[in-house]
Structures are given as structure tokens and as C-alpha cells.
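Below is one structure; the comments refer to it alone.
The values are calculated or read from the model by the stated rules, or taken from the named source; none is laboratory data. Note that the coordinates shown come from a computational prediction; the quantities given were computed from them, not determined experimentally. Ideal geometry is used to build each Cβ from the backbone, glycine not excepted, and the neighbour counts take in all protein chains shown.
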Amino acid sequence: MAFYYAPMEGITLYPLRNIHKDMFGKEMDKYFTPFLTAAKNYHFKKREQRDVLPEYSTSFCDVSNEIVPQLMANQAEIFIWAAKKISALGYNEINLNMGCPAATVVNRHKGSGLLENPDILDRMLFDIFDTVDKENLGFKVSLKTRLGLMDVSETPRLMEVLASYPASELTIHARVRSDFYKGEPRLDTFCEAVKIYRENGGKADICYNGSISTVSDYNRIKEYLDIELTDVDISYMIGRGLVENPALVREICGGEPLGSKELKEYLDKLYVGYEGYIPEERNVIFKMLEHWAFLHVHFKDCDKQLKAVRKARSKGEYLAAVNNIFSCCEFT
Ligand SMILES: Cc1cc2nc3c(=O)[nH]c(=O)nc-3n(C[C@H](O)[C@H](O)[C@H](O)COP(=O)(O)O)c2cc1C
């Protein structure tokens, strides 16, 4: 069993990956980057490319196996171009995003838009895996998908298609696109999907993703999957749960719960990390507010103090507001 930090646009960038690995990463096996767009003009955005330059991954001993760059593409040849370029930097695995639900992405037949037409997806995957094999490209291709676009009736056909190709790992976010990120994860359909995938010869390692925010979420989901999928060794990918509680995987593995002092240290380090990543002070603060949107749950009755954090427009105001929340609000 393994634990992964899910790819999260704007969040799992190298400052967070380094700081999280350093402070809470002992039990973490892989960190997925936010998606990089493999665009039709065969160019990466500079900022996206910088995020995968291995020299920035200072907390990792084995960047090639511990960090997985993710690509967003809707054509095999563009995916291959991008995967060659990124893997050449020193990565053993490249992940294809088949799950992003944003309308702008889906309308371009990318992300979960790839699930709309299984025949087109089939051809794209054929071309990708055929090229990786024929050109002996030497990197693994893993897939991160949902259970379908509109409806779980799409799941069986999707799994049949995916089972035809030698992906190294198949992560399934246990929702369909139209669920976005809401509602209970569809554990029953996840299990059905894995069974169909295996019955059709799919050999990839299997990873579960969806709504693990507490140790009890994990225990409940793991117990369900262990009963339904007795022969499958499942890994767990966690996104929002780790943003909310950076120590979640440590806790799941029997370690100490998140402490107030270490959360403060984590936030201080993140601020400094983002200062080196984003030039403008205001934008560093906005980046920290993305974390506070998740982290405020640790502070009891903190509305007033949180408002001050949100209103901060300078580093001084921000740090004072954060100190205030730590000193005035009960940590839970
Ligand atoms: C803010 C945000 C950004 C995300 N960015 C990506 C992304 O770049 N690539 C991707 O495959 N999934 C992305 N996701 C989806 C997560 O990887 C994950 O599948 C989803 O949040 C469900 O897992 P969780 O319940 O553990 O958060 C994003 C989710 C959120 C909330």
C-alpha cells in the first residue's frame, strides 16, 4: 500500500511539495504535480515547466520516482512530445489527466472530456502506448480518471478500454465528471470498475482517490475496499484532506496528530517558499489564503480572526493576523 499527494492545480507546486515532504513526508510515496498543459503549439508555459525542474525539488532524494508530473493533453502525439520532454528531465512516470471537470477543459475534450467518447480515447491510448513501446521511451505512463463523464453506466466500457493498455498505475477518482468534487464518493462503482478492469486483463496497480479527509474516512473506505476487492493491493491518493491536515497520512499510519506548533511552522515555511516562487507580495498572500480556506477548520470560533487573515494586504498584516489566530483561537 502506498500514499500519494494528489495533483492539485495551484497547490501541489514545488514549494508545497518540498515543505510537505520535509515535515510530513516520511509515509508519503509520491507527489503528483498539478497538470502541465501539453498545448497544440508544442510549448509549455514557462511557469509550468519551472515547476518540474528537478533542481527545485530540494527535499526529495529520488525525484524520478517520488514526483510524478501530470500532463493534460487530448492528442497522442502532443502527449508523447510533452512526456518525452518532461521525462528527459529525470522522471520515470508521467501521468495523464483524464479527470479534470472544468467546463473550459472538458469542452476541449481534455481532462474528463477524454471520457466522452471511448472509441476516440481508445485510439489515443493505442497511439500513446504503441509509441512508448516502439520507440522504447523508457518512462511509465499512468492514468488518473473518473468513473465516467455523465453517468456510472459509462464505467464498464471505459474500464474495458483502459484494460487494453499497459498503464503502470490506474488512479480512479470515485466520481463522474458531473459530480465535480461533491457528494459521497461512489465506492460501489469504484469496486465494480476495478473488477471489470481486472476481468478484462488490466494489470495496472490500482489507486483509490476521493474524499479521504480524516483517519476515520480512510478506515471506512479501506475496510469497504478490502472486503470488496480482496485480491487487489490498493494505494490511496489524497488531495483536499492533506491540504486541510498536512499530517493526515502520518496519522493514518499511527503517528501523532497535527500539532499547533508544527502547523505554524508549516505555514511560515510555505510563506517563505511562495515568496521565492511568486514575486508579488499580494499574490503570496492570496496563495496562503488558498491554504487557509482549508486550514481554518483547526481553529474554534475563529470567524473574526480569520476575517483579518483574509483582509491582509501586506506581509506584516498577514503575519500579525496569523499570529493572532494561533494565540486567540483554540486549536482542534
Ligand atoms: C483545487 C483543486 C485543484 C485540482 N487540480 C488537479 C490537477 O491539476 N490534476 C488532477 O488530476 N486533479 C486535480 N484535482 C483533483 C484532485 O487531484 C482529486 O482528484 C480530487 O480533489 C479528489 O480527491 P480528494 O477528495 O482527496 O481531494 C484538483 C482538485 C482541487 C480541489
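Of note:
- Taking the numbered list (1) surrounded by fewer than 17 Cβ atoms within 10 Å (Cβ to Cβ); (2) under 21 Å from the mean Cα position of the chain (by Cα); (3) of a type outside the set (Lys, Arg) in turn, VAL232 passes all entries but (2).
- Any hit, the stretch 29-45, residues being crowded, with 20+ Cβ neighbours inside 10 Å and at pLDDT below 95: yes
- Residues (in a helix (DSSP H, G or I) and either among the small types (Gly, Ala, Ser) or within 11 Å of the ligand (Cβ to nearest atom) (or both)) located in the stretch 36-49: GLU48
- A count restricted to the stretch 164-182 and to residues that are away from the ligand (no atom under 12 Å from the Cβ) and crowded, with 19+ Cβ neighbours inside 10 Å stands at 5.
- Within the stretch 60-103, the set of residues being of a type in the set (D, E, K, R) and either within 10 Å of the ligand (Cβ to nearest atom) or not in a helix (DSSP H, G or I) (or both) comprises ASP62, GLU93.
- Set side by side, the residues LEU158, LEU137, LEU143 differ, and just one is among the aliphatic types (A, V, I, L, M), without any contact (Cβ under 8 Å) to a residue 60 or more places away in the chain and not in a helix (DSSP H, G or I), which is LEU137.
- Filtered residue count, the stretch 11-35, keeping only those that are within 9 Å of the ligand (Cβ to nearest atom) and within 16 Å of TYR56 (Cβ to Cβ): 5
- Close pairs (7 angstrom Cβ cut-off, 6 or more residues apart or separate chains): in the same structural domain as SER142 (by TED's automatic domain parsing) in the stretch 105-124, among the charged types (D, E, K, R) and within 16 Å of the ligand (Cβ to nearest atom) anywhere: VAL106/ARG177; SER112/ARG146; SER112/ARG177; LEU115/ARG146; LEU115/ARG177
- Checking every residue in the stretch 304-323 against the condition of being farther than 26 Å from ASN219 by Cα and in contact with a strand residue (DSSP E or B) (Cβ under 8 Å, 6 or more places away or on another chain) gives at least one match.
- Scanning the stretch 13-58 for residues that are free of Cβ contacts under 8 Å to residues at least 60 places away in the same chain and touching a His at 6+ places or on another chain (Cβ under 8 Å) turns up just one, TYR31.
- Among the residues of this structure, ARG186 does not count as one that is buried (at least 17 other Cβ atoms within 10 Å of the Cβ), within 16 Å of the ligand (Cβ to nearest atom) and under 17 Å from GLU116 (Cβ atoms).
- For the residues TYR218, TYR224, TYR208, TYR197, the requirement of being in a helix (DSSP H, G or I), within 15 Å of the ligand (Cβ to nearest atom) and modelled with pLDDT of 95 or more singles out TYR218.
- For the stretch 104-113, the count of residues that are away from the ligand (no atom under 16 Å from the Cβ), out of contact with any helix residue (DSSP H, G or I) (no Cβ under 9 Å at 6 or more places or on another chain) and modelled with pLDDT of 95 or more is zero.
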